[in-house]
């Protein structure tokens, strides 16, 4: 059963009289409610113990780690290309973003510079992943409050992004598309790829966003459920180290695409004086669930504008690069027609001879859909990382959830949780 309700004194915990909402609450007035770990509104394996005074939340205690996946430990047993399959599963809502984040950190370790073609392609895919995540977030947040139609508007367009990922990589859900210094294969047909992206950005996405805004933005029920709920001030967001839409909805003007630019967000990204792509980070000030919803809507529009700046001018040339030309898997046609490519493919795939990493440590971060997604890698000169540690945004952002919920009604739980957009695989340690 998703819910269990017991008196607070049934638990071996020390509950004292506390003050909130200008009145005193004693232990006898409180009840304990287990929300999750299996519940439709948690969207994942997530458990929160709520202490209630009637319908009002006095205290919330989140419990994490129900997936028991051990992602960081797995990195020690997989090489720098193999781990991409694990990295993408840390954020199963927008897995391509994690692929890019992982290999960006590895390329920093190996001092690999991407080709202009790969840089543009990765930028396009990272913004498609952002849209993919935000469509799920705003749709599911509305669904939790009873707006089932809004969920369909968002999820239908996610399906089209899956089609694009399938066209590129051969897999819809977990593309595992990136490799050290590039991607698993070049765009199969550039004309078809561009047409698919244009169809999505010019026809499908604008209609979906317009439909959601028409349905929700002036809907009295929806606004009453999210406005003024789960407020986080700018000072609190900074103190909690919140990032991403959660922080920007509270007025924190931080976006790694601007503050620590990478890919096409950096000036001279192609080594020939190319300018950074232009966009305006979405900033709100009230810090409530409504602002977090509006920030994500605006970010989808900005991501669309970023992709449009790049999609028609994807540079030609090679898609992969490496210092010695031996780090990436050769093209299939070369494997069949060149003894050098056959040997290279054999060594990388069959014998696992591969290449050894330089001894050192690096930290690299990108602006993922939920905030700063950082990876710290320690290399001892072997084929696998000696240690890999992740700074997932959900893990950091979720620490503020209890504070955001205290004093609100039990019914506000799903509104606040939906606005935080917790990915359980990022919580797992």
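Assess whether residue 257 counts as being under 23 Å from residue 125 (Cα atoms), in a helix (DSSP H, G or I) and touching a strand residue (DSSP E or B) at 6+ places or on another chain (Cβ under 8 Å).
Against the criterion (under 23 Å from residue 125 (Cα atoms), in a helix (DSSP H, G or I) and touching a strand residue (DSSP E or B) at 6+ places or on another chain (Cβ under 8 Å)), residue 257 qualifies.
Could you grab me the full set of residues in the range 193-205 that are at pLDDT 95 or above and over 14 Å from residue 128 (Cα atoms)?
195
All but one of (1) closer than 30 Å to residue 110 by Cα; (2) modelled with pLDDT under 95; (3) assigned to a helix (DSSP H, G or I) hold for residue 156, so report the exception by its number.
Condition not satisfied by residue 156: (1).
Residue by residue through the range 371-416, note down the ones that are under 18 Å from the mean Cα position of the chain (by Cα), assigned to a helix (DSSP H, G or I) and farther than 14 Å from residue 232 by Cβ.
The answer is 393, 394, 395.
Would you check if residue 147 is assigned by TED's automatic domain parsing to the domain that holds residue 368 and in contact with a strand residue (DSSP E or B) (Cβ under 8 Å, 6 or more places away or on another chain)?
No, not satisfied.
Any residue in the range 277-299 that is on the phi > 0 side of the Ramachandran plot, surrounded by 15 or more Cβ atoms within 10 Å (Cβ to Cβ) and assigned by TED's automatic domain parsing to the domain that holds residue 142?
Yes - at least one qualifying residue is present in the range 277-299.
So how many residues does the range 64-101 have that are within 12 Å of residue 182 (Cα to Cα) and not in a loop (DSSP other than H, G, I, E, B)?
Residues flagged as within 12 Å of residue 182 (Cα to Cα) and not in a loop (DSSP other than H, G, I, E, B) within the range 64-101 amount to 2.
Run down 33, 74, 67 and say which single residue is farther than 21 Å from residue 397 by Cα and out of contact with any strand residue (DSSP E or B) (no Cβ under 6 Å at 6 or more places or on another chain).
Every option except 74 fails the conditions.
Quick check on the range 48-66: of everything there that is within 23 Å of the chain's Cα centre (by Cα) and either buried (at least 18 other Cβ atoms within 10 Å of the Cβ) or on the phi > 0 side of the Ramachandran plot (or both), which residue is modelled with the lowest pLDDT?
Going through the qualifying residues, I end up with 65.
Residues of the range 281-307 being farther than 25 Å from residue 403 by Cβ and touching a helix residue (DSSP H, G or I) at 6+ places or on another chain (Cβ under 6 Å), which ones?
Of everything in the range 281-307, those that are farther than 25 Å from residue 403 by Cβ and touching a helix residue (DSSP H, G or I) at 6+ places or on another chain (Cβ under 6 Å) turn out to be 300, 303, 304, 306, 307.
Is it the case that the range 114-121 has a residue that's under 29 Å from residue 226 (Cα atoms), outside any helix (DSSP H, G or I) and touching a helix residue (DSSP H, G or I) at 6+ places or on another chain (Cβ under 9 Å)?
no
Determine which member of the set 131, 124, 229 is in contact (Cβ under 8 Å) with a residue 40 or more places away in the chain, closer than 27 Å to residue 373 by Cβ and not in a helix (DSSP H, G or I).
From the options 131, 124, 229, the qualifying one is 229.
Using the structure shown, decide if residue 158 is within 23 Å of residue 282 (Cα to Cα), without any contact (Cβ under 8 Å) to a residue 40 or more places away in the chain and either buried (at least 21 other Cβ atoms within 10 Å of the Cβ) or assigned by TED's automatic domain parsing to the domain that holds residue 212 (or both).
Answer is yes for this residue.
Suppose we filter 307, 343 for residues that are closer than 25 Å to residue 194 by Cα, modelled with pLDDT of 80 or more and in the same structural domain as residue 107 (by TED's automatic domain parsing); which single one remains?
307
So which of 329, 319 ends up being assigned to a loop (DSSP other than H, G, I, E, B), at pLDDT 90 or above and touching a strand residue (DSSP E or B) at 6+ places or on another chain (Cβ under 8 Å)?
Within the list 329, 319, the selection yields 319.
Quick check: is even one residue across the range 287-302 part of a loop (DSSP other than H, G, I, E, B) and without any contact (Cβ under 8 Å) to a residue 40 or more places away in the chain?
no
Which of the residues that make up the range 377-429 are touching a residue at least 40 places away in the same chain (Cβ under 8 Å), more than 30 Å from residue 222 (Cα to Cα) and assigned by TED's automatic domain parsing to the domain that holds residue 296?
377, 379, 383, 384, 385, 386, 387, 388, 389, 390
The values are calculated or read from the model by the stated rules, or taken from the named source; none is laboratory data. A quick note: this is a predicted structure, and the numbers were derived from the prediction, not measured. Every residue, glycine among them, receives a Cβ derived from its backbone with ideal geometry; neighbour counts consider all protein chains shown.
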